[in-house]
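Trainee: Got a structure here, written out as structure tokens. Questions coming.
The values are calculated or read from the model by the stated rules, or taken from the named source; none is laboratory data. What you see is a predicted model, and the numbers here were worked out from it, not measured in a lab. Cβ: placed from backbone, ideal geometry, glycine included. Neighbour counts: every protein chain shown. To get the accessible areas, we keep the full protein, side chains included, count just its heavy atoms, and leave off ligands, DNA and RNA. Shrake-Rupley method; radii C 1.70, N 1.55, O 1.52, S 1.80 Å.
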Amino acid sequence: MAELITRIMGSMAASVSASASASAEEEDDCCPICSLELEPYDMDHPTQCPSKHCHFNFCLKCIEQFIQSTKDDQVASDGNVFHVFLHCPNCRSNLGPSIRDTVLLRKVDKYLKIDDDVRLSASELRVKHSLENDTDISLAVEEARSRETEFFRDHADDTSSYVTQDSIWSLGSMEGYEADLFGVPKSFISRHHSLSEGAKDKDGTLVNMRPDTTLMCGLEFFMTDQEQRFVTSYLVSGDTSKLAAATEMLHYVSALSRQGITPNFKRSSTNSMMGSIKEVIREGNEARRIENEGGGGTRKSAGVLSEMFVPLAKEKRRTREQMNAALKQQFEYMSKFPLPLRMPKYAELTAHKGGFSLTFRDDTWDGTVLDAFCKISVTRSLLGHVSVTKQHGQSRGIRNIVNVGSSKPNGMGQIDTSRPRVIVASISAEGGQQGIMVGDVVSHVNGSEFYGSACDLVRKINSRSEGELLTFAFNADAAVAEALRRRWLLSNPKKK
């Protein structure tokens, strides 16, 4: 904000020193603040400065930053606090009543003035059709156009360089929302798996299921609803192969998100675009209401700003309260339906002859679901003796999950006989960076379920060429798969 204000002040100084006889037609078609070329909608809807001889105009982005800077006090380089008012950077006339009309008309024309839909991205196309079919926005735009036309008619003698165009608003078309179905770019999941067929568990009940975002590790924001349902169905299917596949999917979604590729980004940005337009309308209506109730002036402008943004403060407080309530609700949900301590994870590691990034140790699974809620620790003494300790969770939520479907609810959930397995004994930097932890169970190697000892696994790794990539799935074992399935059944009881 400070940088924007500095640019505005510099623009004011430059405008004062400019020749008074220079006309608007002789001005360069660039924003005087950021020096970027003005867009056609910037030229079609110039700022409505009340000063009779001021033709100052700047781009949409700078106007939006200018409006934002007026919502909070600013701090100067010397530490003094000051407030920015919606005054023209050139002549200091009050722009408050009209500047949001300018922003609204520019935002709308940015999309509606483009006749060739091929030139629009999927998100822009959705915005365009949404604008055409939103009656509230349509009414606000027509009123803004009427006020703009009236303003420039009253200033016709001094605004020969301004061009206002007739409205092209159209409400006759009811199409547009089909673009929302086909415009979202496909993610890794969509490209590699068929989402149209649905996914079924052992009972065939997971076709149109509710996505469980508590299983997504925060990645639900980078996935569409359809993808969330698909991944959830795999995670709670009780099938170790599907569990490993879902873990790999989430790994690639995470990798894409770190590259800035978000499958549902266009949809979320569409909502943001529409939200910003509606926010401009709301603030403009509030500013005009307050302006009609009193006079102008700097002192009055301060009161206007204060009264105008009181509702914003209340809205922020209400939003914060809603977020706190949602966090409390999520905490209660997680206490009632806890996740396994050993959640499945996926990693890609490179084979090295000089030493692998992980070491392994043989272990034994006791055949219970409770093992999924067990913390496995591997310690090494000064004499080199390695010991494995296991600490089981004992909460009521864990017992309820383990006992789901058990003929003898004893809090253990015996589903198989004891069998050998391999766990991670130590990790290096490469493994730690991918979230691998000591005690994780090696369940899949290179896409196949692993059966064998720690020595078998080491031989398998050493047989690979130097630098060859190996894929691992950890904790996608029978105990975790069954624990997630029972947790889903407990949290989503069938309606009778």
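Trainee: For the stretch 55-109, which residues satisfy the criterion of being among the aliphatic types (A, V, I, L, M) and either open to solvent by less than 10 Å² (accessible area, probe 1.4 Å) or in contact with a Pro (Cβ under 6 Å, 6 or more places away or on another chain) (or both)? If you could, list the steps in order and put the result at the bottom.
Mentor: Within the stretch 55-109, the first condition is being among the aliphatic types (A, V, I, L, M), and the residues that meet it are 60, 63, 67, 75-76, 81, 84, 86, 95, 99, 103-105, 108.
The answer is ILE63, LEU95, ILE99, VAL103, LEU104, LEU105, VAL108.
Trainee: What number goes with the only condition from (1) at pLDDT below 85; (2) farther than 29 Å from ASN446 by Cα that SER395 does not pass?
Mentor: Condition not satisfied by SER395: (1).
Trainee: Is there a residue being open to solvent by less than 50 Å² (accessible area, probe 1.4 Å), without any contact (Cβ under 8 Å) to a residue 24 or more places away in the chain and at negative phi anywhere in the stretch 414-434?
Mentor: Yes; the residues of the stretch 414-434 include at least one that is open to solvent by less than 50 Å² (accessible area, probe 1.4 Å), without any contact (Cβ under 8 Å) to a residue 24 or more places away in the chain and at negative phi.
Trainee: Hey, among the residues in the stretch 31-83 that are of a type in the set (Ser, Thr, Tyr) and modelled with pLDDT of 85 or more, which one's farthest from ILE99 (Cα to Cα)?
Mentor: Among residues in the stretch 31-83 that are of a type in the set (Ser, Thr, Tyr) and modelled with pLDDT of 85 or more, the one farthest from ILE99 (Cα to Cα) is SER35.
Trainee: Would you please name the residue that is surrounded by the fewest Cβ atoms within 10 Å (Cβ to Cβ), looking only at residues in the stretch 337-360 that are in contact with a Gly (Cβ under 8 Å, 6 or more places away or on another chain) and not in a loop (DSSP other than H, G, I, E, B)?
Mentor: Among residues in the stretch 337-360 that are in contact with a Gly (Cβ under 8 Å, 6 or more places away or on another chain) and not in a loop (DSSP other than H, G, I, E, B), the one surrounded by the fewest Cβ atoms within 10 Å (Cβ to Cβ) is THR350.
Trainee: From (1) within 24 Å of GLY355 (Cβ to Cβ); (2) touching a Lys or Arg at 6+ places or on another chain (Cβ under 9 Å); (3) hydrophobic (A, V, I, L, M, F, W, C), pick out the condition that doesn't hold for ALA476.
Mentor: ALA476 satisfies every listed condition except (1).
Trainee: Name, by its number, the condition in (1) touching a Gly at 6+ places or on another chain (Cβ under 6 Å); (2) not in a helix (DSSP H, G or I) that does not hold for MET412.
Mentor: Result: MET412 passes all but (1).
Trainee: Now for a separate question. Can you name the residue in the stretch 286-300 that is surrounded by 13 or more Cβ atoms within 10 Å (Cβ to Cβ) and modelled with pLDDT of 50 or more and, of all such residues, is farthest from CYS91 (Cα to Cα)? Steps first, answer last, please.
Mentor: At the first step, the residues of the stretch 286-300 found to be surrounded by 13 or more Cβ atoms within 10 Å (Cβ to Cβ) are 286-288, 290-291, 296, 300.
Next, only the ones that are modelled with pLDDT of 50 or more stay: 286-288, 290-291.
Working: GLU286: 24, ALA287: 21, ARG288: 21, ILE290: 23, GLU291: 20 Å.
Looking at the filtered set, the residue picked out is GLU286.
Trainee: Anything in the stretch 231-257 that is among the hydroxyl-bearing types (Ser, Thr, Tyr) and modelled with pLDDT of 90 or more? List them, or say none.
Mentor: THR232, SER233, TYR234, SER237, THR240, SER241, THR247
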